[in-house]
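As structure tokens, the structure follows; a few thoughts come after it.
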């Protein structure tokens with residue numbers, strides 16, 4: 001397996017993944033763009049270092065991401081060169097473990113995505129499974145057992161050099177943080193970790209999925225059932241299966257709910273009547289747009305629209321399952337008002353139409369989520 005990993009073709013494919021995903025620099029401060037300036041030479045050197053077994057991973061850089069509840073989520077960011085190695089490991093490992101990823105698994109599986117996971121929950125509801133068991137794993141990536149992961153890899157991999165390299169990557173410590181020899185966790189922020197998570201949870205998927213309609217996206221999972229009693233049994237079984245894998249379940253976020261009330265899953269609010277962006281998703285959208293439309297910034301209206309629209313389109317594309325479409329109508333009204341209030345001086349509703357008529361905004365390319373979903377155009 002090491003010869004396959006060291007191939008220029010493998011490393012080139014890994015680099016292209018890293019370049020596409022972008023991301024912040026690691027501890028060495030090198031950006032993706034800087035690595036790309038002489039990527040050909042760097043990949044050749046990396047190939048030689050891997051072939052000669054002289055390559056060693058760098059420490060990870062800790063980045064804290066604010067969460068809506070006021071807490072912070074810690075990411076461990078590898079250097080760009082290390083990310084290429086992580087991605088190359090994932091490229092080589094994926095076909096060896098792909099058969100483990102059953103119909104319940106939607107994250108980081110080729111040809112599957114989060115929208116399909118949401119659609120599966122909706123399909124189960126239409127089939128009469130209108131009760132859902134929610135289970136939330138506490139600090140999943142930080143508590144995944146490293147020895148368990150390595151044991152699962154060793155079940156299918158005989159190449160000792162490859163396993164040692166994978167182990168070194170998995171055990172990479174965070175700069176400035178003391179790491180115990182028997183520490184747990186895999187770095188959230190590594191291109192390899194999502195695949196390792198799927199491998200780690202494959203047995204859980206089989207155990208729970210053979211009895212109930214499980215839908216899992218990384219560590220977000222729900223079980224669809226026909227009755228409350230069945231959902232309670234599924235919740236207990238899922239919790240027990242996770243604990244056997246050494247994971248801890250958040251009791252306060254583990255519950256059984258009817259889709260008459262609705263459940264939040266992967267950013268959607270799913271009910272019997274359809275799916276729409278959850279309140280948390282709408283708040284995050286508002287926060288992102290606000291950060292791009294600050295009053296004190298001196299940008300032209302056209303520049304502001306150009307900055308905002310990639311966010312609007314990305315958000316709208318993700319929530320393309322929204323039904324009925326009118327669920328996103330209010331978001332469009334808020335978007336127009338936000339741009340008007342922050343980008344037009346001395347805003348008044350009647351003056352807004354004089355200073356920045358909607359037709360002008362539309363000419364600049366502004367579209368609301370509802371207009372994007374319904375393929376609206378200024379010409380009608």
Those residues of the stretch 212-221 which are under 15 Å from residue 242 (Cβ atoms) and either over 17 Å from the mean Cα position of the chain (by Cα) or outside the structural domain of residue 94 (by TED's automatic domain parsing) (or both), in sequence order: 212, 214
For the stretch 101-193, please list each of the helices (runs of 4 or more DSSP H) lying entirely inside it that holds at least 1 residues being over 22 Å from the mean Cα position of the chain (by Cα) and crowded, with 17+ Cβ neighbours inside 10 Å. 114-126, 146-154, 160-170
Just give me the residues in the stretch 43-70 being buried (at least 18 other Cβ atoms within 10 Å of the Cβ) and either more than 18 Å from residue 165 (Cβ to Cβ) or out of contact with any strand residue (DSSP E or B) (no Cβ under 9 Å at 6 or more places or on another chain) (or both), in sequence order. 43, 46, 47, 50, 55, 57, 61
Would it be correct to say that residue 81 is without any contact (Cβ under 8 Å) to a residue 12 or more places away in the chain and either surrounded by 15 or more Cβ atoms within 10 Å (Cβ to Cβ) or under 20 Å from residue 200 (Cα atoms) (or both)? no
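The values are calculated or read from the model by the stated rules, or taken from the named source; none is laboratory data. Predicted model only: the values in this text are computed from it and were never measured. In this analysis, Cβ positions are derived from the backbone assuming ideal geometry, glycine residues included, and neighbour counts consider all displayed protein chains.
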